[in-house]
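As structure tokens, the structure follows; a few thoughts come after it.
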There are 2 protein chains.
Amino acid sequence: MNTLLQRKPAHQCPEGRPLSAEEVCAERGLQLSEVQRSILEYLWRRGQPVGAYGLMRELKGTLTRQLSPPTVYRALEFLQKEGLVARIETKNAFVACARPHRNRAYVYFICDTCGASVEIESAEIEAQVAHDAAFLGFRIGRRVIELEGTCADCLSREAANAGC
Amino acid sequence: MNTLLQRKPAHQCPEGRPLSAEEVCAERGLQLSEVQRSILEYLWRRGQPVGAYGLMRELKGTLTRQLSPPTVYRALEFLQKEGLVARIETKNAFVACARPHRNRAYVYFICDTCGASVEIESAEIEAQVAHDAAFLGFRIGRRVIELEGTCADCLSREAANAGC
DNA sequence: ATCAAAATGTTATAACATAACGATCCAGTC
DNA sequence: GACTGGATCGTTATGTTATAACATTTTGAT
Ligand SMILES: [Zn+2]
Ligand SMILES: [Zn+2]
Ligand SMILES: [Zn+2]
Ligand SMILES: [Zn+2]
């Protein structure tokens, strides 16, 4: 059996209850700005990768601020540093992390059909990557592991349609 | 011990001898155009990820053609389809594959310091990824596995400088 | 109140990528 | 040789993502 620490969509905590920004701040002695908080909460609600310009469009109305590109990227940079948001390289987009974390081998499964994204932490993959790196004498910094494909929901929907 | 099918920089074959475009074409019944061939050969010589606009700049002089962005991206698309070139998502760049291939779990180690890139094929990582995907009921399409860090050469250079 | 650090505003631009449509090249066939 | 279909390329324009540079405002501590 595998070490899947996170088996739910990335915007939910393990018990299935969405975290609030306030809870996270309390836990970590963190004070989010309005922009940072609204981006984080939007990504939690959304549950799938969203581009920086998509965030701008979505949040433009709901915010007193103007939300120019530099502002969005700065807030995202902060949230990434705190381990609250991850960048999905294959989509040039950003997703809320399943839980605050840092510098581990998180693996993202991203559905080509519905866009959903699931974050897992796989000790086995991490160990194997470390092993291969050691063989090469390579010191690993950031790990990007993204698997594109079709999620279970979309697969069963596919199967249902094919059966008709 | 690990299954590292490729232990040399990505622009060399395992025996350390760079392939020529002609050899690849002969092997695969493939006819490369001038643009396709010159891009592939440049990436072989270079041995590290290069962006599309970098390719344009580098090849502008050496070519009778104009080499506009669409032309470069079309050639890169072709080379990727043939498994001769891989896109490095973390760099928005392209690198010659260690060998022609398709749809396997290739892993890229990319040095933040010198930009060098090494492609390996790790059966263990592939198996583990497949295992985790099966657990989620996820059907995998493209796999993107990119590890950023410091290569062995740059590490020893670092150590040498620190020793002074 | 004063100050320093953090966050944001603003303008402009860099860097990456594709849409759309016409022209050309080239291998195989008549 | 002329024809033809498919691949490649030219060209123009535009879309998308990301950052540089510098001014200003907000925030929280002293
Ligand atoms: Zn298991
Ligand atoms: Zn799906
Ligand atoms: Zn070889
Ligand atoms: Zn290096």
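Since every read-out is calculated from the coordinates, none of them should be taken as a lab result. This one's a predicted model, so the numbers in the text were calculated from it and none came from an experiment. Don't worry about glycine lacking a Cβ; one is built from the backbone with ideal geometry, like all the others, and counts go over all protein chains shown.
What residues from the range B:82-117 fall in the zone where the backbone N is under 17 Å from a label point 7 Å along the Cα-to-C-beta line of B:Ala134?
The answer is B:105, whose backbone nitrogens lie closer than 17 Å to the label point.
Can you list the copy-to-copy distances for B:Gly137, using a point 7 angstrom from Cα toward Cβ, in nanometres, shortest first?
The answer, with the shortest distance listed first, is 4.8 nm.
Which of B:Phe78, B:Ser38, B:Leu67 sits closest to the plus end of the dipole of the range B:33-164, meaning its Cα is farthest towards the positive end, when Lys and Arg get +1 and Asp and Glu get -1 on the C-beta?
Going by the Cα projections, it comes out as B:Leu67.
For the range B:21-163, what's the relative contact order in percent, using C-alpha pairs closer than 8 Å and at least 6 residues apart?
On the way: 175 pairs, mean separation 29.1, N = 143.
That works out to 20 percent.
What is the spin-label model distance, in nm, from A:Thr71 to A:Tyr42 if the labels are put 7 Å beyond Cα along the C-beta direction?
About 1.1 nm, to one decimal.
How far, in whole Å, is the closest Cβ of chain A from the axis that maps A onto B, and which residue does it belong to?
A:Glu89, 2
How compact is the range A:29-75 by the rule of thumb for globular proteins, expressed as Cα Rg over 2.2 N^0.38 Å?
Working: Rg = 10.1 Å, N = 47, 2.2 N^0.38 = 9.5 Å.
Here the Cα radius of gyration is 1.07 times the empirical estimate.
Charges at C-beta only: +1 for Lys and Arg, -1 for Asp and Glu. How large is the resulting dipole of the range A:21-163 about its Cα centre, in Debye rounded to 20? Walk me through the intermediate numbers first.
Details: 18 positive and 19 negative charges, 118 e Å.
Value, rounded to 20: 560 debye.
Compare the Cα positions of B:Ser156, B:Phe138, B:Ile125 along the charge dipole of the range B:125-164 (+1 at Cβ of Lys, Arg; -1 at Cβ of Asp, Glu; about the Cα centre) and return the one farthest towards the positive end.
Result: B:Phe138.
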